[in-house]
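The next block holds one structure in the form of structure tokens; read it before the comments.
The values are calculated or read from the model by the stated rules, or taken from the named source; none is laboratory data. Everything numeric in this text was worked out from a predicted model, so none of it was measured. Note that we place each Cβ from the backbone using ideal geometry, even for glycine, and neighbour counts take in every protein chain shown. These area figures cover heavy atoms from the full protein model, side chains too; ligands, DNA and RNA do not enter into them. Shrake-Rupley method; radii C 1.70, N 1.55, O 1.52, S 1.80 Å.
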Amino acid sequence: MSFPGQNPPDRPMPPANGEPPVWTADRIRALGTVTDLTTAAAIFGLSRATAYDLAKRGQFPVAVLRFGSRYRIPVAAILHALHLPADDDGPPAAPSQAT
């Protein structure tokens with residue numbers, strides 16, 4: 001639920017100086033399981049038009065799920081593409097090697 005004056009995590013308010021919003025790892029994780037193509041495009045620094053063009057051609061930077069005319073992007077795929085851990089506990093542990 002949103003209240004007046006609050007920003008939902010998937011639509012950050014741009015800073016007052018006109019700069020695009022900053023997407024932090026925590027803000028990306030707060031999107032939930034999937035997000036829309038426009039939000040994913042903003043995270044990758046792509047325009048909306050470019051994102052839809054890439055998605056239609058199967059060339060978007062991460063997997064795109066299509067449900068009818070809607071595109072959804074798994075947040076885990078975005079985090080993986082950006083080399084960010086899926087949780088906020090820090091980088092994933094290196095696999096141990098059995099001796």
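Starting at the first residue of the stretch 76-81, write each ³J(HN,Hα) from the Karplus equation 6.51 cos²θ - 1.76 cosθ + 1.60 with θ = phi - 60°, in whole Hz, x for Gly and Pro.
Computed from phi, the couplings for the stretch 76-81 are 4, 5, 5, 4, 5, 4 Hz.
What does the charge add up to near R72, with Lys and Arg as +1, Asp and Glu as -1, over the other residues with Cβ less than 11 Å from its Cβ?
+1
In the full protein assembly as shown, how much of L31 is accessible to a 1.4 Å probe, in Å² to the nearest 10?
Around 30 Å² of this residue is reachable by solvent.
For a quick check: with amide H placed at 1.01 Å from N, whose amide H comes under 5 Å from Y71's, ignoring anything fewer than 5 positions away on the same chain?
Long-range HN contacts for Y71: L37.
5 Å is the cut-off here: which amide hydrogens, built 1.01 Å from N in the peptide plane, fall below it relative to L82, excluding neighbours closer than 5 in sequence?
Residues meeting the criterion, in which the H sits 1.01 Å from N, do not exist here.
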